[in-house]
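**Q** Supplied in structure tokens, the structure appears directly below.
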Amino acid sequence: MMSNKVEDVSEEDVQRLAEFIDTAARIVVFTGAGISTESGIADFRSPGGIWSQIKPIQFDEFLSREDMRMEDWRRRFVFQAEFDAAPINDGHRGVATIINSTKGLGLITQNIDGLHQRAGIADSDVVEIHGNGVRAACLDCQSPMSLAEAKTIIEQTGQSPRCGRCGGLVKSKIISFGQPMPQDKMVDAERLAMSCDLFLVLGSSLVVQPAASLPLVAKNNGSRLAIINKQSTPLDAIADFLLPSSIGTSLQKALEKSALGGSSANI
Ligand SMILES: [Zn+2]
């Protein structure tokens, strides 16, 4: 492991987190950029992040301009290389332990890097509300295309890839600025938030929608809310448990103490 973080979590907090996990029967985990920054992936929406340095490509620009599509693909391949090179961390492993246990209802993530799946969580257990940056599909018929295939097409034709089935525009599955959030994902995320008795937030500042409202949905349906995030969030005041520390360390230690064990039965 390349992690040599200072231990920033007290035994008491670890114990309390373990108790929250053990007393819950239906856990939903919600993750944001903070869990991936512990793998060295930049939080590109943060101040100083990539979107404060280069202009994001708006969805309507992607639809209307070939040069923007080509630039979008160029960026996708840069990101993919970064995601592929990033190691999964103790936070990803801990989330996988929870989600793959009988208590795990599902994972909602703002992240597009696919690291949760690499940590052993099935696609069917993840709601990616901002999409997925390592996969692509036709915007019209949803036929999938791998990024590798898209890259080959671009290299061979000098043009952005079109769907082999219907001729539609192919785009990475990330939700771009100005692109509507997929309604089915929103429905899935809300259903999860309404069904849990512990809503565990890891590494999200809970500012942008729907991150800001899903914990409220959970609370309003009787769930407890736990937040592990280094910075304060607008929902700290209603949290039942608050831990301003690193995710990997605290989660791994809490799971070792919990009935779920720390069994990192994954890659
Ligand atoms: Zn198509």
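**Q** Taking residue 135 as the residue in question, decide whether it is surrounded by 15 or more Cβ atoms within 10 Å (Cβ to Cβ), at pLDDT below 95 and outside the structural domain of residue 206 (by TED's automatic domain parsing).
**A** Criteria met by residue 135.
**Q** So, in region 175-190, exactly how many residues are over 18 Å from the mean Cα position of the chain (by Cα) and crowded, with 18+ Cβ neighbours inside 10 Å?
**A** 0
**Q** Still on this structure, please answer the following. Name the residue that is nearest to the ligand (Cβ to nearest atom), counting only residues in region 175-198 that are farther than 18 Å from residue 62 by Cβ and touching a residue at least 60 places away in the same chain (Cβ under 8 Å).
**A** Restricting to residues being farther than 18 Å from residue 62 by Cβ and touching a residue at least 60 places away in the same chain (Cβ under 8 Å), the top hit is 188.
**Q** Do we have residue 185 as touching a helix residue (DSSP H, G or I) at 6+ places or on another chain (Cβ under 7 Å) and among the basic types (Lys, Arg) here?
**A** Criteria not met by residue 185.
**Q** Please go through region 86-124 and pick out each residue that is over 24 Å from residue 24 (Cβ atoms), in contact (Cβ under 8 Å) with a residue 60 or more places away in the chain and assigned to a loop (DSSP other than H, G, I, E, B).
**A** Matches in region 86-124: 87, 112, 113.
**Q** Being part of a helix (DSSP H, G or I) and touching a helix residue (DSSP H, G or I) at 6+ places or on another chain (Cβ under 7 Å) is the filter here, so list the residues in region 134-165 that pass it.
**A** Residues satisfying the conditions are 147, 150, 151, 154.
**Q** Just give me the residues in region 71-85 being surrounded by 20 or more Cβ atoms within 10 Å (Cβ to Cβ) and either assigned to a loop (DSSP other than H, G, I, E, B) or of a type in the set (Asp, Glu) (or both), in sequence order.
**A** 72
**Q** Could we say that residue 172 is within 16 Å of the ligand (Cβ to nearest atom) and either out of contact with any Gly (no Cβ under 7 Å at 6 or more places or on another chain) or in a strand (DSSP E or B) (or both) here?
**A** yes
A quick yes/no check of all residues on (1) more than 20 Å from the chain's Cα centre (by Cα); (2) among the β-branched types (Val, Ile, Thr); (3) not assigned by TED's automatic domain parsing to the domain that holds residue 232:
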position	(1), (2), (3)
16	yes, no, no
34	no, no, no
57	yes, yes, yes
70	yes, no, yes
92	no, no, no
102	yes, yes, no
110	no, no, no
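**Q** Also: Give me the residue from region 191-205 that is in a loop (DSSP other than H, G, I, E, B) and surrounded by fewer than 24 Cβ atoms within 10 Å (Cβ to Cβ) and, out of that set, modelled with the lowest pLDDT.
**A** 205
**Q** When you scan region 223-242, how many residues do you find that are touching an Asp or Glu at 6+ places or on another chain (Cβ under 7 Å) and not in a strand (DSSP E or B)?
**A** Adding up the residues that qualify gives 1.
**Q** Give me the pairs, please: first residue somewhere in region 142-166 and more than 19 Å from residue 63 (Cβ to Cβ) and more than 14 Å from the ligand (Cβ to nearest atom), second residue anywhere and modelled with pLDDT under 95 and of a type in the set (Val, Ile, Thr), beta-carbon distance under 8 Å, and either six or more positions apart or on two chains.
**A** 147/134
The values are calculated or read from the model by the stated rules, or taken from the named source; none is laboratory data. Source: prediction; values computed, not measured. We place every Cβ from the backbone using ideal geometry, glycine too, and count neighbours over all the protein chains shown.
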